[in-house]
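Inspection log for the structure reproduced underneath, given as structure tokens.
Only the coordinates and a few stated rules stand behind these numbers; no lab work does. Keep in mind it's a predicted model, so treat the numbers as computed, not measured. Methodologically, a virtual Cβ is constructed for each residue, glycine included, from the backbone with ideal geometry; neighbour enumeration extends over all protein chains shown.
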Amino acid sequence: MTRNELGLILFAFLYCGLTIAPKPAVAAQQPDHQNTATPEKTARGQNQTSESSNDGKDKPLITIPGLCDKLPAEKGAASNCKTVITRAQFEKVLDAVEPGMALKARREFAQLYVEALVMSKKAEQMGLDKGPSYAEQMKLARIQILSRQLKKMLEEKSTQISDEDIEEYYRSNIARFEKAEMDRIYVPKAKQPQSASDKPLSNADPQKRSSESEQTMKEEADSLRARAVDGEDFAKLQADAYNFAGIKSVAPNTSIKVRRISLPPTQVAAMDLKPGEVSPVFADPNGFVIYRVKTKDTIPLDQARGEIKETLRSQRMRDEMDDILDPATPTFDESYFAPARPPQGKTGTAEPAKPAEEPHTNKPD
């Protein structure tokens, strides 16, 4: 973890929670020039009896000289004032910021944390907590903390998925787990120009030429399909498709592994073929595709558990967020606000993990 990442984590924590946390939860602070016992003194008195029972959690971990709630009247006496943070107190901060933070990152985080404590105390002494925007920022911090806590709770709830839930989803969506090994021919939708010195076309010519080229390639795709039905080798057919299109690069491998869910909706019918059958010519935005099924199978439940669990988790998280947000769909005064950006998904939750099989593409490799 980089220093910038640690800084961002600490900033988010301080902005959203540190300033409203009860002071005893951050660090017990008392000036030494008073006779009140400091956490350090208390810790020293308890170390012998408590360290063995709490694994040293009351042991002073960080000592910050010159930092305390109330500065001494004499300016020179400030050096006698200090704040002591125990291991328990520091780990409580870590748990609030990033539970399980790597050991190597804790030292740098501790330094950033100390700097933030010192600077926030200085800001209080300067009266910056009385500024006009401070109260509004605190309101915003409370909103952020509560929304973050709610989302965390919903995320934890969404992961509570039983084996029965997984098995029911598998049975109800068995087609989702169909897989097949196929041969595929990809036929580009347009021919490549013969040479760079071709005579420039008029404004009307490109559209006409594109339409004629697409029709020519569609006829070639139909011819290749007929040859495939007659049993010709798909590698040879793919090479012929590239040669006909004027593509000089090596033709892609025709053997692919696909899932039903990985095929475009207009080509899913290929999964309904029996081994040995050849599909119709499917059109897509870039070309034409022909499939021949070699083998078909279904992913066993044990291999699909991880994918199903992630799918259910994502679905449940979206459902929970929609239940909360849908009744509160806002309206905005469009004369004031800038035009809205294209929607990115209301909940912002991640999509289910992609299948492990080779991703499908209709473009040449």
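Could you calculate the contour length gain from Gln144 to Val250, that is, 0.36 nm times the residue separation minus the distance between their Cα atoms, to one decimal place in nm?
32.7 nm
Would you mind computing, in nm to one decimal, how far apart the modelled labels at Glu164 and Ala338 are, each placed 7 Å from Cα along Cα→Cβ?
Here the modelled spin labels are 5.1 nm apart.
Pairs to check: Lys82/Lys122; Lys157/Lys257; Lys57/Lys157; Lys151/Lys309; Lys92/Lys309; Lys157/Lys309. Give those whose C-alpha atoms are more than 24 Å from each other in this structure.
Beyond 24 Å between Cα atoms: Lys157/Lys257; Lys57/Lys157; Lys92/Lys309.
Need one number: nm distance between label points at Lys294 and Glu124, each 7 Å from Cα along Cα→Cβ, rounded to one decimal.
In this crude label model, Lys294 to Glu124 measures out at 7.1 nm.
Based on the Cβ-Cβ distance of Arg305 and Glu212, what FRET efficiency does E = 1/(1 + (r/R0)^6) give at R0 = 45 Å, to the nearest 0.05?
0.30
Give, in nm to one decimal, the length gained when the segment between Tyr134 and Thr331 is fully stretched (0.36 nm per residue of separation minus the Cα-Cα distance).
Full-extension gain reported as 68.1 nm.
For a quick check: sort Arg305, Arg148 by the number of other beta carbons within 10 angstrom, fewest at the front.
Placing the least packed residue first, the sequence is Arg148, Arg305.
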